[in-house]
Structure formats: C-alpha cells, structure tokens
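What follows is a short report on a single structure.
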Amino acid sequence: MKLYFDCTSGISSDMILNALIGLGGGVGQADNLKLPEHVRDSQKDHSGDHSHDHGHHHSHRSHKEIKALIESSELDAEIKQTMLSIYQVIAGGEAKVHGSTVEEVHFHEVGRDQAIRNIAGIAAALKSLSVTEIYCSEIHDGKGFIECSHGTIPVPVPAVMAMRENCDYKFVTDDIETEMVTPSGLGILMGIGARYREDLPQGKIVKTAAAKGGRDTGKEGLKAFLIQGE
C-alpha cells in the first residue's frame, strides 16, 4: 500500500495522526506505551504539536530518556523502530539549534506525553495500514514570528530549518503570518522515509482523508491518500 501526503497546508504531528485515523489506521497498539505516572503532563492538552509550549507544566525529557521509554515499552518492534527513527531526526535538528548532542538534547513540545502518544499512534496506524511506500508533495510553511518557550522565534522555526538541511523535500513559503510546519511534523515525514513526489503515485486510490492542525491558517488541512499500488 502506498501513502501520499499533500502538504500544501503545512504539516504537524496531530495533522498526520488524524489523517491516518481518517484513512482507517488503527492506533490501539499505541496503548502499549505506558508513560510514568509521576511525569505525566498536568495540562490536559490534546492539540498535538501545533501550539507551542510556553513553559508551563510540561515534561522536558531528553532524547536519551525518550529512547529508553520506547525501548522498554511493550510496543511492537516495528512500531518501536518507527518511533525511534522519528525521534532521531527531530533530535538531530534540535541538537543543532541548541548546541547539544543528539543523545542529551532536551525536548519541549515533542517531549510532552501527548506528543509521544501522537507519534506512537502514527507508528501504529502506519503498521495497521500495511504502508510500504510513503510520498509527500511540496511542503508549505508560513512566515513572520511566533511565541514559544524560548521567546519570539522566526518562521520557519529554527529546528525546522536545521532539519531542512538534511532532506531533499521542496519547500514553499506562503504569505501567511504563522507557523505551518512544526518540528515534529517534518521530523515524522523524514523519520518514516517519505519521499518527495510532485504528483500522486500510480495505483487505485482506496481512501482519502483530510485533517487540520490546532493552528488556524485558513488552509484546507493535510490531505492523505491511500493507494493500492500497481
């Protein structure tokens, strides 16, 4: 099965997760990821990663800690590997921005419980859909500045810019004064091995889905296509 993401409305982890669920992806296996009770986020936030952390009530886990959580979990081996690949990409970008090592870099937004669960759900959904090839369109981002836990930062955000150096995706800047591409959104695409393709791959479109993120950009949302290969 082939999967194609139309990223002309941007990309974020919650958009990807909701799109995969819309395609019929099962996320039940993600429940095998048990997060320690004493570090659970006290803020009930289910907006995924399209709202930046302002530094309140969040777990700031290191990449090493997240790797240990994943590796020691009861998740399926394939789901674990997908999650580890995603976090490796994100850690590389964040480490460059913060002058840290990949192992010791600390995550803010993507280290939250809900963000980890989102990525577990994405990995589980991909497995349940039997996806073997993943593609993405050009990726649209906004411009200007946004507020986050580090203060006011430019768009595209620094971690996204760092990750862009290690991929061959095509990026487009829209005349929209906000963030459309989050670090976890781009990190997921890269971590699951999505390849740039201008148009849909050959095959029969089995199902389509669309999902908006928590940030209103005025655009339609991420579109996903599940395609039976030829």
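Okay, here's what the table says:
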quantity: Neighbour net charge for Val131 - beta-carbon separation under 14 angstrom, K R +1, D E -1; calculated: +2
quantity: Order of Val160, Val206 - criterion: other Cβ atoms within 10 Å of each residue's Cβ, fewest first; calculated: Val206, Val160
quantity: Contact order normalised by residue count of the chain, Cα under 8 Å, 6+ apart, percent; calculated: 37 percent
quantity: For the chain, the spread of Cα positions along each principal axis, largest first, Å; calculated: 47, 43, 30
quantity: Most mobile of Gly26, Gly99, Gly193 in a GNM of the chain (Cα contacts under 10 Å); calculated: Gly99
quantity: Choice from Ser130, Ser85, Ser184 showing the highest fluctuation, given a GNM over the chain with Cα pairs closer than 10 Å; calculated: Ser130
quantity: Span from the the stretch 122-172 Cα centroid across to the the stretch 177-198 one, whole angstrom; calculated: 3 Å
quantity: Cα→Cβ-extended label distance, 7 Å offset, between Asn32 and Val172, nm; calculated: 4.0 nm
quantity: Of all DSSP beta bridges in the chain, antiparallel share, percent nearest 5; calculated: 65 percent
quantity: Gain on full stretching of the segment that runs from Lys207 to Ser85 - 0.36 nm per residue minus C-alpha separation; calculated: 41.3 nm
quantity: Of Lys80/Lys143; Lys67/Lys212; Lys34/Lys204; Lys80/Lys170; Lys96/Lys170; Lys143/Lys223, those spanning more than 31 Å from alpha-carbon to alpha-carbon; calculated: Lys80/Lys143; Lys34/Lys204
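No lab work stands behind these numbers, since they all come straight from the coordinates. What you are looking at is a predicted structure, and each value in this text was computed from that prediction instead of being measured. Because the Cβ atoms are built from the backbone with ideal geometry, glycine has one as well, and the counts that use them run over all protein chains shown.
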